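To keep things clear, I will list the structure first and then write my remarks on it.
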Amino acid sequence: MTPRSRAEIHAARRIVVKVGSSSISGENAGQIAPLVDALAGAHGRGAEVVLVSSGAIATGMPYLRLDARPTDLATQQAAASVGQNLLVFRYQDSLDRYDIVAGQVLLTAGDLEHETPRLNAQRAMDRLLALRILPIVNENDTVATHEIRFGDNDRLAALVAELIGADLLVLLSDVDALYTRPPHLEGAERIADVPFGDELAGVEIGSVGRAGVGTGGAETKVSAARIAAEAGTAVLITATTLVDDALAGREVGTWFEPAR
């Protein structure tokens with residue numbers, strides 16, 4: 001059932017949660033455990049949960065002795081190759097506490113733009129969920145090129161939500177909600193609810209994330225929220241530290257009303 005408000009989140013049967021690089025890598029790697037706690041709670045009440053997780057490149061950087069996110073494609077691919085393995089291991093290590101098994105799903109934009117790989121991805125995801133596996137989805141950075149990249153995992157998460165017919169999409173970052181202007185600026189006010197079709201006129205939306213290891217900002221989240229909402233999926237944007245409150249239906253973040 002697609003929730004029409006936060007109070008109905010508990011009734012969502014299929015949930016996609018997206019987390020950004022800065023929230024689960026580097027000094028924030030410890031946030032994986034509480035994130036998994038929240039996902040396991042939703043899984044335990046019968047929901048089918050998909051995690052879209054950035055962080056492969058950021059996780060791999062220290063092992064390649066890189067102090068900053070690489071700008072050339074080949075080094076990004078190398079960092080992703082190392083980091084993806086470590087990232088999924090960390091998730092599975094935490095999921096073991098709940099006897100939940102993760103399944104890794106790596107996608108490129110081309111996979112969802114062409115019918116055959118799209119249907120294959122959809123069939124695989126449906127089967128994983130039916131088997132009570134928790135899919136962990138990421139862009140396949142090792143083989144993706146600049147021409148075929150999703151650009152950010154917010155958009156990937158929205159497309160995955162559309163692919164599997166999710167009831168709810170939760171977009172997590174290091175900011176607790178969408179604001180009328182960048183939240184560090186004076187006068188910024190939290191936007192609690194966005195009615196379907198609202199163009200957010202007069203809202204100053206930032207295009208760059210704050211931490212420097214990811215690619216998304218508020219702009220990518222709003223764009224992703226609109227994609228999902230138009231497909232009939234409810235969307236909540238909030239901070240990774242508030243994921244438990246978000247999945248419990250508490251009054252946090254910014255709610256995007258889905259199309260009826």
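The values are calculated or read from the model by the stated rules, or taken from the named source; none is laboratory data. Keep in mind that what you see is a predicted model, and the values were worked out from it rather than measured. As a convention, Cβ positions derive from the backbone with ideal geometry for all residues, glycine included, and neighbour counts pool all protein chains shown. We work out accessible area using only protein heavy atoms, side chains counted, and drop any ligands, DNA or RNA first. Shrake-Rupley method; radii C 1.70, N 1.55, O 1.52, S 1.80 Å.
Things worth noting here:
- Derived scalar couplings between HN and Hα for segment 242-251 equal 10, 4, 5, 4, 4, 6, 8, x, 7, 7 Hz in order, rounded to whole Hz, by the Karplus curve 6.51 cos²θ - 1.76 cosθ + 1.60 (θ = phi - 60°), x for Gly and Pro.
- The relative contact order of the chain, computed from alpha carbon pairs under 8 Å that lie at least 6 residues apart in sequence, is 25 percent.
- Positive-pole candidate from Thr2, Leu35, Val16, dipole of segment 1-58, charges at beta carbon: Thr2
- Full-stretch length increase - Arg13, Asp93 - with 0.36 nm per residue and alpha-carbon distance subtracted: 26.3 nm
- Dipole check for the chain: with +1 at the C-beta of Lys and Arg, -1 at the C-beta of Asp and Glu, and the Cα centre as origin, the magnitude is about 520 Debye.
- Under-5 Å amide H pairs with Val50, H placed in peptide plane, nonlocal only: Ile15, Val16, Val17
- Here each label is just a point 7 Å from Cα along the line to Cβ, and for Asp67 and His184 those points are 2.0 nm apart.
- Carbon and sulfur %, accessible surface of the chain computed with the full protein complex present, 1.4 Å: 50
- Couplings 3J(HN,Hα) for segment 77-91, derived from phi with the Karplus relation 6.51 cos²θ - 1.76 cosθ + 1.60 (θ = phi - 60°), are 5, 5, 5, 5, 4, 6, x, 4, 4, 5, 4, 5, 4, 5, 5 Hz, where x marks Gly and Pro.
- Extended-chain gain in nm, criterion 0.36 nm per residue less alpha-carbon gap, Ala74 and Glu230: 52.6 nm
- Among residues other than Gln76 with Cβ under 9 Å from its Cβ, the summed charge is -1 (Lys and Arg +1, Asp and Glu -1).
- Per DSSP, loop trypsin sites (Lys or Arg not before Pro) in segment 74-170 with at most 16 further Cβ within 10 Å: Arg132
- DSSP loop GluC sites (Glu not before Pro) with at most 14 other Cβ within 10 Å: longest gap in the chain: 1-146
- Estimated translational D of the chain in µm²/s (Stokes, Kirkwood radius over Cα pairs; 37 °C; 0.692 mPa s): 180
- At a probe radius of 1.4 angstrom, the accessible area of segment 2-77 per residue rounds to 39 square angstrom.
- Alpha-carbon Debye profile of segment 1-92, log10 I(q)/I(0) at 0.15, 0.16, 0.22 Å⁻¹: -0.64, -0.70, -1.02
- Residues in segment 11-25 carry Karplus couplings, in order, of 8, 5, 8, 10, 10, 10, 10, 10, 10, x, 4, 5, 7, 9, 10 Hz; the curve used is 6.51 cos²θ - 1.76 cosθ + 1.60 with θ = phi - 60°, and Gly or Pro positions show x.
- Accessible area ranking (1.4 Å probe, heavy atoms, ligands and nucleic acids excluded), largest first, for Thr254, Thr241: Thr241, Thr254.
- Spacing of the two label points (7 Å from each Cα toward its C-beta) at Asp193 and Gln122, in nm: 3.2
- Amide H contacts under 5 Å for Asn140, placed H, 5+ residues apart: Leu107, Thr108
- For segment 55-117, fraction of C-alpha pairs farther apart than 16 Å, in %: 56
- Only DSSP H runs of four or more residues enter the estimate; each adds -39500 (n - 2.57), and after division by the residues of the chain the mean residue ellipticity at 222 nm equals -11000 deg cm²/dmol.
- Each of Ala259 and Asn85 was given a label point 7 Å from its Cα along the Cα-to-Cβ line. The distance between the two points is 4.3 nm.
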